[in-house]
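Read the structure below first, then the notes.
The values are calculated or read from the model by the stated rules, or taken from the named source; none is laboratory data. Values in this document were obtained by computation on a predicted structure and should not be read as measured data. Cβ sites come from the backbone with ideal geometry, for glycine too, and all protein chains shown count toward neighbours.
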Amino acid sequence: MDARFEELRRREFSRLDAQGHVYLDYTGAGLYSERQVRANAEFLCGSVFGNPHSRNPTSLAATQLCEDARTRVLDYFNADPELYEVVFTLNASGALKLVGEAFPWEPGGRILLTADNHNSVNGLREFASAHGADVRYVPPCPDLRLNALEEHMAGADRNAHNLFAFPAQSNFSGVKHSLDAIQLAHDHGYHVLLDAAAFVPTNPLDLRRYAPDFVCISFYKMFGFPTGVGVLLARRNALGELHRPWFAGGTVRFVSAQNKDVHLQHVTGRAFEDGTLNYLGIAAVPAGLDFLEEIGIERINAHVMGLTETLLNDMLALRHGNGAPMVRIYGPENMEMRGGTIAFNLLDPEGGLVDFRAVEQRSNEAGISLRTGFFCNPGAAEFAFEYPDEEAFRCIKTLTPETFNIQVFSDCMSDHPVGAVRVSVGIASNRADLDRLMEVLCSFRDDGCAALPGAAALPALATVD
Ligand SMILES: Cc1ncc(COP(=O)(O)O)c(C=O)c1O
């Protein structure tokens, strides 16, 4: 397996080693293979495409591109074309907004969100509460998994419109939330929105097996290129219940300025695609899906899981000279129902947190791309860092948009931790990447890195700031 992925790295991602990069931010964005880019350049150089909203030859060719991509996307996710529609969007957030602004929110209805959600999902609550719907959260357990979901789902008014929104995989902790929650929510009278953005780059999603009403995805997270194309996969009956708050070019059949009248498109994916699609970007999506399929998503999953397990074990084994652990993981410390994303902070020999910005700085110096902060997932952060309720509330209320930043917030809560380091592995990652990261982490050891076999001699922990 390793040899196969090493070969893949040499063939498709040689720029990483040529430029000395260690890329560990796959939850931020996937990397494109050279093959995709070459195929795209050849394809574009050999064709002429016009705006798909006309009926001329180049326009029809562009329309065909988009229709082929729709079919390919349905096919990749094993979605029944009789049941699911493809709505191309700018990204996962664009897909979420389409649902939020058109869902039939009403007093008596409810949005139930897992606290572990990306802000682009949290934002749905603004639409819900503006229309009088109830906003509720499901808190996670200490290891950031979910439990007692049913208790939180109970009591929804089945005569009203309710939405349950959750991520298939956490972009904070890497936890995979069970997809059985979809059926459970349906049984309790909810429509279900599945945020699959962090899940699909390394996991199969079979929409014949699981049937959420809405699924949002950003393609750059799956295969790096193109950026600027996402998708809302929506069940036709659920799409039919949405009421768009406006119309635009592409979503109408006829508009009269004189009579202020409008005939909207039939309820298909196209009725949700405002203006001219990113048709050249969309044209590159099938090649990305082909790339994943040729390697095999199960193989990618096994590769990523293997590296994650190694990294987790290496990190948990890191000790200071006095025997104190060096790493605190936020989320599961084992491989059960988790993906290739690890959130953590380093600890000093007395058990205090090392400033995550210091880890970022040393990682940057070593050419390692990772992420720090709370990763646009404040709900998971609040539980991971155990924000003191009252202090957090007071600080949120007293800090203004002008004065708020993550450090000021932490200071306001008497230096309470508000951020962490996140590493995530993917298709092109290898053990050498992990070793480079471990060298940097080990450089924070109280008496240097000698304890790590093969580690370069890096200096011990320096005072931060
Ligand atoms: C789980 C999850 N959902 C949604 C998003 C939003 O994706 P985008 O910024 O591409 O709209 C992200 C991005 O990091 C994510 O990780």
Checked pairs for segment 220-233, first farther than 13 Å from D195 by Cα, second in a strand (DSSP E or B) and hydrophobic (A, V, I, L, M, F, W, C), C-beta under 9 Å and 6 or more apart or across chains, list as V229/F88
Which residues, taken from segment 144-176, are surrounded by 24 or more Cβ atoms within 10 Å (Cβ to Cβ), more than 10 Å from the ligand (Cβ to nearest atom) and not hydrophobic (A, V, I, L, M, F, W, C)?
N162, S173, G174
Any idea which of L461, L370, L452 is crowded, with 16+ Cβ neighbours inside 10 Å and modelled with pLDDT of 95 or more?
L370
Please indicate, with yes or no, whether at least one residue in segment 64-78 is in a strand (DSSP E or B) and either on the phi > 0 side of the Ramachandran plot or surrounded by fewer than 21 Cβ atoms within 10 Å (Cβ to Cβ) (or both).
no
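Each row is one residue, and each column tells you yes or no for (1) at negative phi; (2) of a type outside the set (V, I, T); (3) not assigned by TED's automatic domain parsing to the domain that holds L65.
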position: Y279; (1), (2), (3): yes, yes, no
position: D290; (1), (2), (3): yes, yes, no
position: V304; (1), (2), (3): yes, no, yes
position: N322; (1), (2), (3): yes, yes, yes
position: V327; (1), (2), (3): yes, no, yes
position: T341; (1), (2), (3): yes, no, yes
position: E365; (1), (2), (3): yes, yes, yes
For segment 277-331, please list each of the helices (runs of 4 or more DSSP H) lying entirely inside it that holds at least 1 residues being within 19 Å of the chain's Cα centre (by Cα).
285-295, 297-317
State whether the residues of segment 128-143 include one that is touching a residue at least 40 places away in the same chain (Cβ under 8 Å), within 14 Å of the ligand (Cβ to nearest atom), within 28 Å of D25 (Cα to Cα) and touching a helix residue (DSSP H, G or I) at 6+ places or on another chain (Cβ under 9 Å).
no
Looking at (1) buried (at least 19 other Cβ atoms within 10 Å of the Cβ); (2) under 30 Å from S170 (Cβ atoms); (3) out of contact with any Asp or Glu (no Cβ under 7 Å at 6 or more places or on another chain), which is the one condition that is false for E12?
(3)
Out of (1) of a type in the set (D, E); (2) surrounded by 19 or more Cβ atoms within 10 Å (Cβ to Cβ); (3) more than 15 Å from the ligand (Cβ to nearest atom), what's the single condition that is false for D187?
(2)
Just a yes or no: is a residue in segment 40-62 assigned to a strand (DSSP E or B) and modelled with pLDDT of 95 or more?
no
Test T71 against the criterion of being farther than 29 Å from G123 by Cα and of a type in the set (S, T, Y), and give yes or no.
yes
Any idea which residue in segment 85-98 is surrounded by the fewest Cβ atoms within 10 Å (Cβ to Cβ), counting only those that are within 16 Å of the ligand (Cβ to nearest atom) and of a type in the set (V, I, T)?
V87
When restricted to A92, A69, the only residue in contact (Cβ under 8 Å) with a residue 12 or more places away in the chain and closer than 30 Å to R158 by Cα is A92
Please list, ordered by first then second residue, the pairs with beta carbon atoms under 7 Å, 6 or more apart or interchain, first in segment 105-123 and more than 16 Å from S173 (Cα to Cα), second near the ligand (Cβ under 10 Å from one of its atoms) and of a type in the set (D, E, K, R).
V121/D195
Can you spot a residue in segment 133-148 that is of a type outside the set (G, A, S), on the phi > 0 side of the Ramachandran plot and not in a strand (DSSP E or B)?
yes
G249: of a type in the set (G, A, S), surrounded by fewer than 21 Cβ atoms within 10 Å (Cβ to Cβ) and more than 13 Å from T89 (Cβ to Cβ), yes or no?
yes
What's the total number of residues in segment 99-126 that are more than 12 Å from the ligand (Cβ to nearest atom) and part of a helix (DSSP H, G or I)?
6
